[in-house]
1. Please go through segment 116-131 and give me each residue that is under 29 Å from PHE184 (Cβ atoms) and either of a type outside the set (S, T, N, Q) or surrounded by 22 or more Cβ atoms within 10 Å (Cβ to Cβ) (or both), ordered by number.
2. If I ask for residues that are at pLDDT 95 or above and part of a loop (DSSP other than H, G, I, E, B), which ones from segment 12-49 would you list?
3. Within the bounds of segment 36-53, is there any residue that is within 20 Å of the chain's Cα centre (by Cα), of a type outside the set (Phe, Trp, Tyr) and surrounded by 15 or more Cβ atoms within 10 Å (Cβ to Cβ)?
4. Could you run through segment 58-112 and say how many residues are within 20 Å of HIS132 (Cβ to Cβ), surrounded by fewer than 17 Cβ atoms within 10 Å (Cβ to Cβ) and aliphatic (A, V, I, L, M)?
5. When both residues are 6+ apart or on different chains and their Cβ atoms are under 9 Å apart, which pairs have a first residue that lies in segment 141-165 and is at pLDDT below 95, and a second that is outside any helix (DSSP H, G or I) and buried (at least 20 other Cβ atoms within 10 Å of the Cβ)?
6. Let me spell it out: the conditions are (1) of a type in the set (A, V, I, L, M, F, W, C); (2) over 26 Å from PHE110 (Cβ atoms); (3) without any contact (Cβ under 8 Å) to a residue 24 or more places away in the chain, and PHE36 meets all of them except one. Which number is the exception?
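The values are calculated or read from the model by the stated rules, or taken from the named source; none is laboratory data. As the structure is a prediction and not an experimental result, all values here were calculated from the model. We place every Cβ from the backbone using ideal geometry, glycine too, and count neighbours over all the protein chains shown.
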Amino acid sequence: MSQYFDPGKENVFQLFSTAHLITLTVFLLIIFLLFFFRMHLRKPVLNRAARIGMFTMLILSEVSLQAWLWWSGHWAFQYSLPLHLSSISLILSAILLLNKRYALFEFTYFVGVGSALQAMLTPDISLYTFPHYRYIHFFVSHGGTVIANLFMVFVEGFKPTGKSILKAFLWLNAYTLLIFVVNFLIEGNYMYISEKPVNPSLIDYLGPWPWYILSLEGIAFITFLILYIPFWARSKKAFPSK
């Protein structure tokens with residue numbers, strides 16, 4: 001049993017391996033089921049149960065990570081606090097499920113879904129693969145963030161606007177500036193804006209510090225635009241030009 005929780009000691013995760021592809025397939029199936037049963041999920045009792053269930057799952061995933069880091073001896077305030085974009089997006093998405101605030105959705109849809117999808121396609125978990133806890137946690141937490149926001153789209157009928165892109169981008173930069181100060185004060189590297197991550201990642205191809213931060217800004221904005229395309233296309237279809 002301990003082998004499913006022990007800290008990794010060698011590289012075992014392989015990008016687009018059978019385990020990775022099956023995980024992504026299951027994730028896509030859940031999205032399809034969410035869309036297919038969206039009308040049923042609008043019934044008050046089922047809707048509330050689904051939102052509370054997803055909220056609980058997201059919060060427990062973050063709590064379990066903190067517990068595992070402490071148990072394994074890897075916890076340190078320089079890099080274990082829930083300040084990375086994935087953690088803050090997860091927490092805000094969980095809160096969104098309860099309060100259903102549109103202003104919060106404008107941030108979590110673009111920032112949370114965008115970062116989570118990129119993370120799931122190129123996971124930064126080189127030491128762990130299925131069925132290790134860290135592998136399962138990684139995809140449950142990131143996948144859960146995406147599912148929570150798509151729930152708000154498919155079931156609750158939330159739709160981002162063009163202005164939502166700008167708002168999300170501005171809030172993302174404001175948070176990045178805050179984290180830059182935090183990193184400086186505690187000698188941390190949250191959001192990897194103080195230095196590149198140790199494990200190989202997309203950042204390795206974006207130039208040296210601090211220039212790769214500008215590249216990440218461009219990638220983030222392009223990702224926001226891509227996430228908005230379905231809503232833009234639907235609005236054009238609903239109001240065709242004469």
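1. First, pick out the residues of segment 116-131 that are under 29 Å from PHE184 (Cβ atoms): 116, 118-119, 122-127.
Result: ALA116, ALA119, PRO123, ASP124, ILE125, LEU127.
2. PHE37, ARG38, MET39, LYS43
3. Residues of segment 36-53 that are within 20 Å of the chain's Cα centre (by Cα), as a first pass: 50-53.
Those still in the list that are of a type outside the set (Phe, Trp, Tyr) too: 50-53.
Checking the rest, the ones that are also surrounded by 15 or more Cβ atoms within 10 Å (Cβ to Cβ) come to 50-51.
Scanning segment 36-53, I find at least one residue that is within 20 Å of the chain's Cα centre (by Cα), of a type outside the set (Phe, Trp, Tyr) and surrounded by 15 or more Cβ atoms within 10 Å (Cβ to Cβ), so the answer is yes.
4. 4
5. That search, which allows pairs on different chains as well, returns nothing.
6. (2)
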